[in-house]
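So the structure is just underneath, and the comments pick up after that.
Every number here is computed from the coordinates shown, using simple stated rules; none is lab data. As the structure is a computational prediction, the values presented were derived from the model and not from experiment. Positions of Cβ are backbone-derived with ideal geometry, glycine not excepted, and every protein chain shown enters the neighbour counts.
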Amino acid sequence: MGLIARELESDGISTVTLNLYLEIAQLVLPPRTVSVNFPFGAPFGDPNNKKLQLQVIKESLKMLEETEEKGKIKILNYDWREKIK
Amino acid sequence: MDINKTVQFMREKVDPDFNFVNKTDKVVPFTKLDKKIKDSKLVLISSGGFHLSEDDPFDTKDSLGDPSYRVIPKKANLDTLEISHDHYDHKYVNQDLNCTFPLELLKELARKEKIGSLADNHYSFMGYCLKTEKLKENARELADLLKKNGVETALIAPT
């Protein structure tokens, strides 16, 4: 998805790309990456864990809004199935 | 995860010349967002292989992948979304689409005015695609379409 992000960004769209395989993001260098420590198939978090999923979305959108560093990779340290208060 | 093992696997199974795209020596394209998310129009793009039941499935037989994309309208009935993508376990997404394609959660954030607006159409590719030139061409086509529709920001998720 990093390649797609780069094309969109080149055309003037600001992107943030979630990542489940950090080494690939380090090679492809999407414009902005949020790396999560979740299994393949669930980049926003485990099923029916709405608070965690919303947290991942909000952190991603925050990065989209705030980051000025090209190719920055932000690592989110949420645990799989973490309960957000 | 050991990336060298992944490369070795791909070379043995699919393409003897396989390598991940390496952009580390190149410029990173960057469009600074000049407004707030609460004032911006957002699109969701997934690599989950999602498509409407009436649309063509992705080509899961081609060992080099399928570089095309499908449109998921904002108003689509998400309960009837289908998946054609064999490279990840569907057990999580079958329980809750928001694990992978959280359009419902984004709609909730838009209703709460945390996001300015959502695009009328959202998109899915099928991850795992070795036809990178065609994939980039399709992404450029999609970018033009998004811009024509006033989309300024994209949340992009792998599977």
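Only Cα pairs within less than 10 Å get springs; with that Gaussian network setup on chain B, which residue of B:Val93, B:Val28, B:Val14 has the largest fluctuation? Looking only at B:Val93, B:Val28, B:Val14, the biggest GNM fluctuation is shown by B:Val28.
Toward the positive end of the charge dipole of the protein assembly as shown, with +1 on the Cβ of Lys and Arg and -1 on the Cβ of Asp and Glu, the farthest Cα among B:Asn149, B:Pro67, B:Tyr128 is that of B:Asn149.
May I ask which residue of B:Tyr92, B:Ile37, B:Val27 lies farthest towards the positive end of the charge dipole of the range B:1-115, with charges of +1 (Lys, Arg) and -1 (Asp, Glu) on Cβ and the Cα centre as origin? The residue sitting farthest along the positive end of the dipole is B:Ile37.
In a simple Cβ point-charge model (Lys, Arg +1; Asp, Glu -1; nothing else charged), the protein assembly as shown has a dipole of about 960 debye relative to its Cα centre. Using the alpha carbons alone, the radius of gyration of the range B:41-82 stands to its Kirkwood radius in an Rg to Rh ratio of 0.98. Averaged over the residues of peptide B:90-101, the number of Cβ atoms from other protein chains lying within 10 Å of each residue's Cβ is 6.
Is the shape of the range A:2-75 best called rounded, prolate or oblate, per the rule: a/c under 1.5 gives rounded, else a/b larger than b/c gives prolate, else oblate, with a ≥ b ≥ c the square roots of the Cα gyration tensor eigenvalues? The shape class here is prolate.
Order these by the 10 Å Cβ neighbour count, fewest first: B:Asp55, A:Asp11.
Numbers: B:Asp55 13, A:Asp11 16.
With the fewest neighbours first, B:Asp55, A:Asp11 line up as B:Asp55, A:Asp11.
Restricting to Cα pairs below 8 Å that are 6+ residues apart, what does the relative contact order work out to for chain B? Please round to a whole percent.
Contact order relative to length: 37 percent.
Over 18 Å between Cα atoms: which of B:Lys61/B:Lys131; B:Lys38/B:Lys75; A:Lys62/B:Lys112; B:Lys26/B:Lys148; B:Lys41/B:Lys131 fall into that group? Among B:Lys61/B:Lys131; B:Lys38/B:Lys75; A:Lys62/B:Lys112; B:Lys26/B:Lys148; B:Lys41/B:Lys131, the Cα-Cα distance tops 18 Å for B:Lys38/B:Lys75; B:Lys26/B:Lys148; B:Lys41/B:Lys131.
Taking the Kirkwood radius as the inverse of the mean 1/r across Cα pairs, report the Rg/Rh of chain B. Kindly include the intermediate steps, with their values, before the conclusion.
Working: Rg = 17.0 Å, Rh = 17.2 Å.
Using only Cα positions, Rg/Rh for chain B is 0.98.
In plain terms, the residue of B:Ser47, B:Ser53, B:Ser68 with the fewest other Cβ atoms within 10 Å comes first and the most crowded comes last, giving B:Ser53, B:Ser68, B:Ser47. Shape class of the range A:18-59 from the alpha-carbon gyration tensor: oblate, with a/c at 1.5 or above and b/c at least as large as a/b. Sorted ascending by nearby beta carbons within 10 Å, beginning with the fewest, A:Glu59, A:Glu68 become A:Glu68, A:Glu59. With Cα atoms defining each centre, the range B:57-107 and the range A:1-73 are spaced 17 Å apart in the structure. Which of rounded, prolate or oblate describes the protein assembly as shown when judged by the alpha-carbon gyration tensor and an a/c cut-off of 1.5? It is rounded, given that a/c, with a ≥ b ≥ c, falls under 1.5.
Each of B:Leu78 and B:Gln8 was given a label point 7 Å from its Cα along the Cα-to-Cβ line. The distance between the two points is 4.1 nm.
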